[in-house]
1. Would you confirm, using the coordinates I've provided, whether residue B:17 is free of Cβ contacts under 8 Å to residues at least 60 places away in the same chain and of a type in the set (Asp, Glu)?
2. If you check every pair at least six apart or on different chains, which have Cβ atoms under 7 Å apart with a residue in the stretch A:69-84 that is free of Cβ contacts under 8 Å to residues at least 40 places away in the same chain first and a residue that is not in a strand (DSSP E or B) second?
3. Take residue A:85 and tell me if it is surrounded by fewer than 16 Cβ atoms within 10 Å (Cβ to Cβ) and among the basic types (Lys, Arg).
4. Would you be able to tell me the number of residues in the stretch A:12-43 that are surrounded by fewer than 18 Cβ atoms within 10 Å (Cβ to Cβ) and part of a strand (DSSP E or B)?
5. Select from the stretch B:94-112 the residues that are at the interface with chain A (Cβ under 10 Å from one of its Cβ atoms) and polar (S, T, N, Q) and list them in ascending order.
6. Out of the stretch A:44-88, which residues are within 14 Å of chain B (Cβ to nearest Cβ), among the aliphatic types (A, V, I, L, M), in a strand (DSSP E or B) and over 15 Å from residue A:13 (Cα atoms)?
7. Residues in the stretch B:71-93: is at least one touching a helix residue (DSSP H, G or I) at 6+ places or on another chain (Cβ under 6 Å) and either farther than 29 Å from residue A:34 by Cβ or at the interface with chain A (Cβ under 9 Å from one of its Cβ atoms) (or both)?
Amino acid sequence: DAGVIQSPRHEVTEMGQEVTLRCKPISGHNSLFWYRQTMMRGLELLIYFNNNVPIDDSGMPEDRFSAKMPNASFSTLKIQPSEPRDSAVYFCASSRGLNYGYTFGSGTRLTVV
Amino acid sequence: SQQGEEDPQALSIQEGENATMNCSYKTSINNLQWYRQNSGRGLVHLILIRSNEREKHSGRLRVTLDTSKKSSSLLITASRAADTASYFCAAHTLSGNTPLVFGKGTRLSVIA
């Protein structure tokens, strides 16, 4: 298994632009999580899905953030419009279930200038 | 789930020494997990220990769990420079199916 695959690895964009981050979870994992990591705040949970259904998006910082999981093998996190304070590393993780270990992707380093 | 609090925040040791990191949590748990993060990479799952287990081993890693003290420790024996990383703990609570919440971690530096 190739693990959790995230794309792109790096993204540099100008303030106000739309940014879409992508994630392919491990086949057979039915839980998917989006986290954001910064030096100041550490790892923050943004949203998670169970069987493709969003369960809790209370960690999404603002309405500018949205996430979808149209099928079991793909999820997106979109920021529109992007702002410099959104600069962070965004991780996607998947799991066989909420009480199992998580497999993380390599992350997307987002820089908004 | 609840956030684990790792201690110390940073630890620096010589190669070959043992490294011990601690984790505390607040409520009853189903399981507790330890993860490692190398610089610029995603977290890697190391060990999951269930609430009815007291100790678990994986290679040079030993994890203990004391539910009466609501604490866990991760011991890395005979450390290597490649063990340099941040280590995180997180716990699943008994109360429901909620995702893991991570603390700030322990930054381990192993000096060759």
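Coordinate-derived values only; no laboratory data. It should be emphasised that the depicted structure is a prediction, and the values quoted were computed from it without experimental measurement. Glycine also receives a Cβ, built like all others from the backbone with ideal geometry; neighbour counts cover every protein chain displayed.
1. Working: free of Cβ contacts under 8 Å to residues at least 60 places away in the same chain: no; of a type in the set (Asp, Glu): yes.
For residue B:17, the condition - free of Cβ contacts under 8 Å to residues at least 60 places away in the same chain and of a type in the set (Asp, Glu) - is not met.
2. A:69/A:52; A:71/A:52
3. Values: surrounded by fewer than 16 Cβ atoms within 10 Å (Cβ to Cβ): yes; among the basic types (Lys, Arg): yes.
When the stated conditions are applied, residue A:85 passes them.
4. 6
5. Passing the criteria: B:97, B:98.
6. Step one: of the stretch A:44-88, the residues within 14 Å of chain B (Cβ to nearest Cβ) are A:44-51, A:53-60, A:67, A:88.
Add one more test, that the residue is among the aliphatic types (A, V, I, L, M), and what stays is A:45-47, A:53, A:55, A:60, A:67, A:88.
Next, from what is left, pick out any that are in a strand (DSSP E or B): A:45-47, A:53, A:55, A:67, A:88.
Selection gives A:45, A:46, A:47, A:53, A:55, A:67.
7. If we filter the stretch B:71-93 for residues that are touching a helix residue (DSSP H, G or I) at 6+ places or on another chain (Cβ under 6 Å), which is where we start, we get B:76.
Remaining after also requiring either farther than 29 Å from residue A:34 by Cβ or at the interface with chain A (Cβ under 9 Å from one of its Cβ atoms) (or both): B:76.
The answer is yes, given that some residue of the stretch B:71-93 is touching a helix residue (DSSP H, G or I) at 6+ places or on another chain (Cβ under 6 Å) and either farther than 29 Å from residue A:34 by Cβ or at the interface with chain A (Cβ under 9 Å from one of its Cβ atoms) (or both).
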